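A quick write-up on the structure given underneath.
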Amino acid sequence: MGSCTLSSGGVCVVVVLLSLACCLTCARGAVPAIYVLGDSQADVGNNNYLLHSLLKANFPHNGIDYPGGKPTGRFSNGYNFVDLIAISLGVPSPPPYLSISSKPMNSSVYLKGVNFASGGAGVSNLTNLAQCISFDEQIEGDYHRVHEALRKQLGIPGAKAHLAKSLFVVAIGGNDIINDLLLSPVSELLRSRDEIVSNLENTLKRQMQTLYDLGMRRLFFVGIAPLGCCPLIRELNPTKECDAQANYMATRLNDAAVVLLRDMSETHPDFTYSFFDTSTVVLQSIRDPEAHGYKEVKAACCGLGDNNAMFLCSPASVYCDNRTSYMFWDVVHPTQATVEKLMKIAFDGSAPLVSPKNIKQLTES
């Protein structure tokens, strides 16, 4: 990725993004729109519109490396992974749904893609209740309304064809695990962690089927990161090392998602997908940081307290200058530099890190 920093006039960012844009040159035009659902990894500003939510990123120092240097609601110092996918596909990064939800049903804005993701959302409706747009509400409420708008504009066959060519992106599940770790008594969690994952698996299966019923045919699914290694969870561990319990739950839910998506593709021959094994890729970097271009993989770049791991990034936080060498931007979210590394593999990598197709192959099919 080079050795320059994001604070050096943006030169490194331009070079990296041009490189990513070359990954899918042949796929340009193949994808008319991107429809995004999930949590804060993918949120581009929906939570800005939630008046009573505390889960927001529309203040400094978030966005310090985003064009213009202003916070947008992305939980990042710059672009998130959805932005990079859009750049590589040659389509606009979809706007937050709540910024366009007042548009009439016949507005062409819905044809260009929409981002429904909400920071804090989980597979379960109880995860961060009243602080975010739940995953079910994203699907059955917001996306369903856009689906109806597309049917009104294009007709049923036209909407079906449009959605079949579009790319759906889902990033969900991490908050369910974090909440259970933070809120459940340890003894209870030790007895019920497999049951927790099983319940999430059953709910996710229903949610993915609903998306299929509403037109999803090409899906990029982002696997859960090794949450036990994020600064927030490390800080809770007396050893300050990765928490094995959290990583176990992330792996279990990832494995369940892989089986679920494979079963869907067998049941529905017109459904194709790409699963990105975020956990394995991130763990490779944590085990050998220098080989993957990192100098810091334990502490957050922006925050307060030991390892900047006590609070989300805020105007009162201190932040690092060398953001390209940090894995984590805040207590749980990656830096733009990390996302660039991950998406490069997602675009043109291979199994077992991204399978059964990478994004390039998925969008060419």
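With the condition kept exactly as written, say whether any residue in the range 274-289 is outside any helix (DSSP H, G or I), touching a residue at least 60 places away in the same chain (Cβ under 8 Å) and either over 25 Å from Pro32 (Cα atoms) or touching a Ser or Thr at 6+ places or on another chain (Cβ under 7 Å) (or both). First the steps, then the outcome.
From the range 274-289, those outside any helix (DSSP H, G or I) are 274-277, 288-289; that's our starting set.
Next, from what is left, pick out any that are touching a residue at least 60 places away in the same chain (Cβ under 8 Å): 274-277.
Retained after the next criterion (residues that are either over 25 Å from Pro32 (Cα atoms) or touching a Ser or Thr at 6+ places or on another chain (Cβ under 7 Å) (or both)): 275, 277.
The answer is yes; a qualifying residue exists.
Could you look through the range 163-185, keep only residues that are among the aliphatic types (A, V, I, L, M) and either open to solvent by 60 Å² or more (accessible area, probe 1.4 Å) or within 17 Å of Val197 (Cα to Cα) (or both), and pick out the one that is nearest to the chain's Cα centre (by Cα)? Walk me through it before giving the result.
Residues of the range 163-185 among the aliphatic types (A, V, I, L, M): 163-164, 167, 169-172, 177-178, 181-183.
Those left that are additionally either open to solvent by 60 Å² or more (accessible area, probe 1.4 Å) or within 17 Å of Val197 (Cα to Cα) (or both): 171-172, 177-178, 181-183.
Numbers: Ala171: 4, Ile172: 7, Ile177: 15, Ile178: 15, Leu181: 20, Leu182: 21, Leu183: 23 Å.
Among them, the one singled out is Ala171.
Filter the range 168-198 down to residues that are modelled with pLDDT under 80 and not in a helix (DSSP H, G or I) and give me whichever is nearest to Ala30 (Cα to Cα).
Ser184
Only one of these conditions is not met by Gly215: (1) surrounded by fewer than 17 Cβ atoms within 10 Å (Cβ to Cβ); (2) touching a His at 6+ places or on another chain (Cβ under 9 Å); (3) not basic (Lys, Arg). Which number is it?
Result: Gly215 passes all but (1).
Which of the numbered conditions does Asp136 fail, given that it passes all the others? Conditions: (1) closer than 24 Å to Pro92 by Cβ; (2) open to solvent by less than 60 Å² (accessible area, probe 1.4 Å).
Going through (1) closer than 24 Å to Pro92 by Cβ; (2) open to solvent by less than 60 Å² (accessible area, probe 1.4 Å) one by one, Asp136 breaks only (1).
Which pairs turn up if I take residues in the range 256-272 that are closer than 19 Å to Leu167 by Cβ and look for partners that are among the β-branched types (Val, Ile, Thr) with beta carbon separation below 9 Å, at least 6 apart in sequence or on another chain?
Ala257/Ile224; Ser265/Thr272
Could you tell me whether the range 261-272 includes any residue that is under 21 Å from the mean Cα position of the chain (by Cα), small (Gly, Ala, Ser) and part of a helix (DSSP H, G or I)?
no
How many residues does the range 72-129 contain that are modelled with pLDDT under 95 and within 12 Å of the chain's Cα centre (by Cα)?
Total satisfying the criteria: 0.
Restricting the search to the range 64-89, which residues are closer than 14 Å to Thr338 by Cβ, touching a residue at least 60 places away in the same chain (Cβ under 8 Å) and in a loop (DSSP other than H, G, I, E, B)?
First pass over the range 64-89, keeping only residues closer than 14 Å to Thr338 by Cβ: 65, 74-81, 83-84.
Pick out the ones that are also touching a residue at least 60 places away in the same chain (Cβ under 8 Å) and you get 65, 75-81, 84.
Passing the criteria: Asp65, Phe75, Ser76, Asn77, Gly78, Tyr79, Asn80.
Quick one: which residue in Lys205, Lys160, Lys240 is open to solvent by 40 Å² or more (accessible area, probe 1.4 Å), under 28 Å from Arg287 (Cβ atoms) and among the basic types (Lys, Arg)? Show your work before the answer.
Numbers: Lys205 fails: under 28 Å from Arg287 (Cβ atoms); Lys160 fails: under 28 Å from Arg287 (Cβ atoms).
Checking each option against the conditions leaves just Lys240.
Cβ-Cβ distance below 7 Å, separation of 6 or more or different chains: which pairs start in the range 29-57 with a residue that is within 30 Å of Leu154 (Cβ to Cβ) and of a type in the set (S, T, N, Q) and end on one that is open to solvent by 50 Å² or more (accessible area, probe 1.4 Å) and in a loop (DSSP other than H, G, I, E, B)?
Listed pairs, sorted by first residue: Asn48/Asn58.
For Leu200, indicate whether it is closer than 30 Å to Tyr143 by Cβ, open to solvent by less than 30 Å² (accessible area, probe 1.4 Å) and not small (Gly, Ala, Ser). Before the answer, list the steps.
On the way: closer than 30 Å to Tyr143 by Cβ: yes; open to solvent by less than 30 Å² (accessible area, probe 1.4 Å): yes; not small (Gly, Ala, Ser): yes.
Taking the combined requirement at face value, the residue satisfies it.
Between a first residue in the range 100-125 that is among the charged types (D, E, K, R) and a second residue that is surrounded by fewer than 16 Cβ atoms within 10 Å (Cβ to Cβ), which pairs have beta carbons less than 9 Å apart while being 6 or more apart in sequence or on different chains?
Qualifying pairs under 9 Å: Lys103/Val109; Lys112/Pro92.
If you go through the range 294-312 one residue at a time, do you hit one that is without any contact (Cβ under 8 Å) to a residue 12 or more places away in the chain and either open to solvent by 10 Å² or more (accessible area, probe 1.4 Å) or touching a Cys at 6+ places or on another chain (Cβ under 8 Å) (or both)?
In the first step, residues of the range 294-312 are kept if they are without any contact (Cβ under 8 Å) to a residue 12 or more places away in the chain; the result is none.
Taking every residue of the range 294-312 in turn, none turns out to be without any contact (Cβ under 8 Å) to a residue 12 or more places away in the chain and either open to solvent by 10 Å² or more (accessible area, probe 1.4 Å) or touching a Cys at 6+ places or on another chain (Cβ under 8 Å) (or both).
Identify, from the list Asp321, Asp330, the residue that is over 19 Å from Gly119 (Cβ atoms), part of a loop (DSSP other than H, G, I, E, B) and in contact (Cβ under 8 Å) with a residue 60 or more places away in the chain.
Numbers: Asp330 fails: over 19 Å from Gly119 (Cβ atoms).
Result of the check over Asp321, Asp330: Asp321.
Any residue that is surrounded by fewer than 24 Cβ atoms within 10 Å (Cβ to Cβ) and charged (D, E, K, R) - is there at least one of those in the range 91-105?
yes
The values are calculated or read from the model by the stated rules, or taken from the named source; none is laboratory data. Note that the structure is predicted; figures quoted are calculated from it, not measured. Cβ: placed from backbone, ideal geometry, glycine included. Neighbour counts: every protein chain shown. We work out accessible area using only protein heavy atoms, side chains counted, and drop any ligands, DNA or RNA first. Shrake-Rupley method; radii C 1.70, N 1.55, O 1.52, S 1.80 Å.
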